[in-house]
Amino acid sequence: FIGNENAPITIIEYASMTCSHCADFHAGVYPELKEKYVDTGIVKFIFREFPIDQLAVAVSMLGRCVEDEKYFPFINILFQQRAQWLIEQPIEPLKNLSKQAGLTNKLFDQCLKDQELLDSLLSSKKYASEKLAVTSTPTFFINNKMIIGSQSFETFENEIQNNIY
């Protein structure tokens, strides 16, 4: 998570790295949400992977393999650079982006072969699907209220304001 651990508002995003609506959120809404509410201590933002295909699983695994302080910047770069790696042969572009986050070719390969990590991601997705009724991405929970699909900054702001007052 990022933000104040004891923030009055918690936003949990379930996203797939190959989801265009998730990428749109991270490009358009997330920066303002982060600046206005996360950086000021009002919101704790939690990102949870909900991979919708095999490439999304692999990219999510790469995100988990970078150092903790590089996780959110790396996720944002991956969303911003989707056009480079969301292609028929994604390995080389993903290796290049991963190097920027500190993953050597060896660590890249090890990461994608990590069965325990894969099992953890798939278990988390199964939990979200079966227990929380997440069926698509992005899906958000704002203090436990589910909001499905691409949303405007104003939608988040209204929910935050409604939860604060």
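The values are calculated or read from the model by the stated rules, or taken from the named source; none is laboratory data. Given the structure is predicted, the values throughout are model-derived calculations rather than measurements. Note: ideal-geometry Cβ built from the backbone for every residue, glycine included; neighbour counts use all protein chains shown. Keep in mind that these areas ignore ligands, DNA and RNA; they rest on the heavy atoms of the full protein, side chains included. Shrake-Rupley method; radii C 1.70, N 1.55, O 1.52, S 1.80 Å.
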Original post:
Taking interchain pairs and intrachain pairs at least six residues apart, which have beta carbon atoms under 9 angstrom, with the first residue in the range 92-116 and more than 14 Å from residue 77 (Cβ to Cβ) and touching a residue at least 24 places away in the same chain (Cβ under 8 Å) and the second open to solvent by 40 Å² or more (accessible area, probe 1.4 Å) and charged (D, E, K, R)?
Top reply: 108/99; 111/64; 114/64
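Let's see how each residue does on (1) touching a helix residue (DSSP H, G or I) at 6+ places or on another chain (Cβ under 9 Å); (2) part of a loop (DSSP other than H, G, I, E, B); (3) farther than 24 Å from residue 123 by Cα:
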{"position": "23", "(1), (2), (3)": "yes, no, no"}
{"position": "27", "(1), (2), (3)": "yes, no, yes"}
{"position": "36", "(1), (2), (3)": "yes, no, yes"}
{"position": "45", "(1), (2), (3)": "yes, no, no"}
{"position": "51", "(1), (2), (3)": "yes, yes, no"}
{"position": "93", "(1), (2), (3)": "yes, no, yes"}
Original post:
Residues in the range 72-89 that are part of a helix (DSSP H, G or I), in contact (Cβ under 8 Å) with a residue 12 or more places away in the chain and either out of contact with any strand residue (DSSP E or B) (no Cβ under 8 Å at 6 or more places or on another chain) or of a type in the set (S, T, N, Q) (or both): how many?
Top reply: 10
Original post:
For the subset of the range 113-165 comprising residues that are of a type in the set (Lys, Arg) and over 15 Å from the mean Cα position of the chain (by Cα), which member is least open to solvent (accessible area, probe 1.4 Å)?
Top reply: 145
Original post:
List pairs: first in the range 24-50 and within 20 Å of residue 136 (Cβ to Cβ), second among the polar types (S, T, N, Q) and open to solvent by less than 10 Å² (accessible area, probe 1.4 Å), Cβ under 7 Å, 6+ apart or cross-chain?
Top reply: 49/60; 50/16
Original post:
Looking only at the range 31-79, which residues are open to solvent by less than 10 Å² (accessible area, probe 1.4 Å), hydroxyl-bearing (Ser, Thr, Tyr) and more than 15 Å from residue 153 (Cβ to Cβ)?
Top reply: 60
Subject >> Filter result (touching a Pro at 6+ places or on another chain (Cβ under 9 Å) and either of a type in the set (D, E, K, R) or assigned to a helix (DSSP H, G or I) (or both)) within the range 101-127 >> reply: 121, 122, 125
Original post:
When you scan the range 2-30, how many residues do you find that are open to solvent by 20 Å² or more (accessible area, probe 1.4 Å), among the aliphatic types (A, V, I, L, M) and either touching a Phe, Trp or Tyr at 6+ places or on another chain (Cβ under 6 Å) or closer than 16 Å to residue 57 by Cα (or both)?
Top reply: 2
**OP:** Under 6 Å between Cβ atoms, at least 6 apart or on separate chains: pull out the pairs that start in the range 123-140 with a residue that is under 20 Å from residue 151 (Cα atoms) and end on any residue that is open to solvent by 60 Å² or more (accessible area, probe 1.4 Å) and β-branched (Val, Ile, Thr).
**Re:** 139/148
Subject >> Top-ranked residue of the range 128-164 - restricted to ones that are assigned to a loop (DSSP other than H, G, I, E, B) and out of contact with any helix residue (DSSP H, G or I) (no Cβ under 9 Å at 6 or more places or on another chain), ranked as farthest from residue 44 (Cα to Cα) >> reply: 133
